[in-house]
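Visitor: Take this structure, written in structure tokens, and hold onto it; I'll ask about it next.
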Amino acid sequence: MPYTAKAVANEFLEVAKRDGESLSAMKLQKLVYFAHGWHLALVDKPLFRESIEAWQFGPVVPELYHTFKRFGSDPVTEEAGEYVFSGGTFRRHIPRVENSDDGEARKCALDVIKRVWSVYAPYNAVKLSNATHLPGTPWYQVYKPGERHLVIPNDIIKDYFKSMIANGNR
């Protein structure tokens, strides 16, 4: 079962914190996108259920954008949360992949997240964004200047990341 994009983002925030790093909202968006792409290519299933749209500065999960836009270009200092009604009251819940009970699927998702972190963390947000704009990328295939809410289909993302594997790019 796919997770939420917020749960995936929270895993990146946790691993960054563990490594003494900080993440801007833009870099977080790109890491979540790369994790989703690699998960699609390796497991043939989406990592999260939300759609990814082709925006001016690359692939964006709109819900994550709205959650973290208040940080601007500053480091994100708070995990993504949501309010759930439980026991007659609303409480703030922090979604995490780590806390799911999906067993092997959870382990695989966390392995992909950790691998994406180890490969892409050294790059800044602009470099990661530029990488998503290269000819042939899913964003490049879908983006149309001035048009909004153009969803990048998971099949296009999966095919692109599978082609990276076929070409020896892991």
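The values are calculated or read from the model by the stated rules, or taken from the named source; none is laboratory data. Computed from a predicted model, the values in this text were never measured in an experiment. Methodologically, a virtual Cβ is constructed for each residue, glycine included, from the backbone with ideal geometry; neighbour enumeration extends over all protein chains shown.
Visitor: When you scan the range 139-168, how many residues do you find that are within 13 Å of TRP38 (Cα to Cα), modelled with pLDDT of 95 or more and not polar (S, T, N, Q)?
Guide: Of the residues in that region, 8 qualify.
Visitor: ARG106 is checked against (1) assigned to a helix (DSSP H, G or I); (2) surrounded by fewer than 14 Cβ atoms within 10 Å (Cβ to Cβ); (3) at pLDDT below 95 and fails just one. What number does that condition carry?
Guide: (2)
Every residue, every condition in (1) under 14 Å from the mean Cα position of the chain (by Cα); (2) over 23 Å from PHE12 (Cβ atoms); (3) part of a loop (DSSP other than H, G, I, E, B), yes or no:
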| site | (1), (2), (3) |
| --- | --- |
| ARG92 | no, no, no |
| ARG96 | yes, no, yes |
| TRP117 | yes, no, no |
| ALA131 | no, no, no |
| ILE157 | yes, no, no |
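Visitor: Scanning for something touching a Ser or Thr at 6+ places or on another chain (Cβ under 8 Å) and of a type in the set (Ser, Thr, Tyr), does the range 93-113 turn up at least one residue?
Guide: Checked against the condition, which is being touching a Ser or Thr at 6+ places or on another chain (Cβ under 8 Å) and of a type in the set (Ser, Thr, Tyr), the range 93-113 yields no hits at all.
Visitor: Check off (1) assigned to a loop (DSSP other than H, G, I, E, B); (2) out of contact with any Asp or Glu (no Cβ under 9 Å at 6 or more places or on another chain); (3) of a type in the set (D, E, K, R) for ARG148 and give me the number that stays unchecked.
Guide: (2)
Visitor: Scan the range 25-81 residue by residue and report those that are among the acidic types (Asp, Glu) and either buried (at least 23 other Cβ atoms within 10 Å of the Cβ) or touching a Leu at 6+ places or on another chain (Cβ under 9 Å) (or both).
Guide: GLU50, GLU53, GLU78, GLU79
Visitor: On to the next question. Looking for something farther than 21 Å from ALA131 by Cα, free of Cβ contacts under 8 Å to residues at least 24 places away in the same chain and not charged (D, E, K, R) - is there at least one such residue anywhere in the range 100-115? Let's see the steps before the verdict.
Guide: Initially, the range 100-115 is screened for residues farther than 21 Å from ALA131 by Cα, giving 100-111.
Pick out the ones that are also free of Cβ contacts under 8 Å to residues at least 24 places away in the same chain and you get 101, 103-104, 106-107, 111.
Okay, now just the ones that are also not charged (D, E, K, R), so 103.
Yes, some residue in the range 100-115 is farther than 21 Å from ALA131 by Cα, free of Cβ contacts under 8 Å to residues at least 24 places away in the same chain and not charged (D, E, K, R).
Visitor: Can you pull out the residues in the range 60-90 that are assigned to a loop (DSSP other than H, G, I, E, B), free of Cβ contacts under 8 Å to residues at least 60 places away in the same chain and among the small types (Gly, Ala, Ser)?
Guide: Step one: filter the range 60-90 for residues assigned to a loop (DSSP other than H, G, I, E, B), giving 61, 72-74, 76-81, 87-88.
With the extra rule that they be free of Cβ contacts under 8 Å to residues at least 60 places away in the same chain, the set shrinks to 61, 72-74, 77-78, 87-88.
GLY72, SER73, GLY87, GLY88, listed by residue number.
Visitor: Moving on to the next point. If I ask for residues that are more than 16 Å from PRO62 (Cβ to Cβ) and part of a loop (DSSP other than H, G, I, E, B), which ones from the range 133-145 would you list?
Guide: Residues satisfying the conditions are HIS133, LEU134, PRO135, GLY136, THR137, LYS144, PRO145.
Visitor: Could you check, for the range 35-54, whether at least one of its residues is more than 22 Å from GLN141 (Cβ to Cβ), modelled with pLDDT of 95 or more and either aromatic (Phe, Trp, Tyr) or not in a helix (DSSP H, G or I) (or both)?
Guide: Checked against the condition, which is being more than 22 Å from GLN141 (Cβ to Cβ), modelled with pLDDT of 95 or more and either aromatic (Phe, Trp, Tyr) or not in a helix (DSSP H, G or I) (or both), the range 35-54 yields no hits at all.
Visitor: Which residues, taken from the range 71-84, are touching an Asp or Glu at 6+ places or on another chain (Cβ under 9 Å) and either among the aliphatic types (A, V, I, L, M) or more than 21 Å from ARG96 (Cβ to Cβ) (or both)?
Guide: The one that is touching an Asp or Glu at 6+ places or on another chain (Cβ under 9 Å) and either among the aliphatic types (A, V, I, L, M) or more than 21 Å from ARG96 (Cβ to Cβ) (or both): ALA80.
Visitor: Please go through the range 109-159 and pick out each residue that is surrounded by 15 or more Cβ atoms within 10 Å (Cβ to Cβ) and basic (Lys, Arg).
Guide: The answer is ARG115, LYS158.
Visitor: Which pairs have Cβ atoms under 6 Å, sit 6 or more apart or on different chains, and link a residue in the range 1-29 that is over 16 Å from SER73 (Cα atoms) and in a helix (DSSP H, G or I) to one that is at pLDDT 95 or above and aromatic (Phe, Trp, Tyr)?
Guide: Matching pairs, first to second residue: ALA5/PHE48; VAL8/PHE48; VAL15/TRP117.
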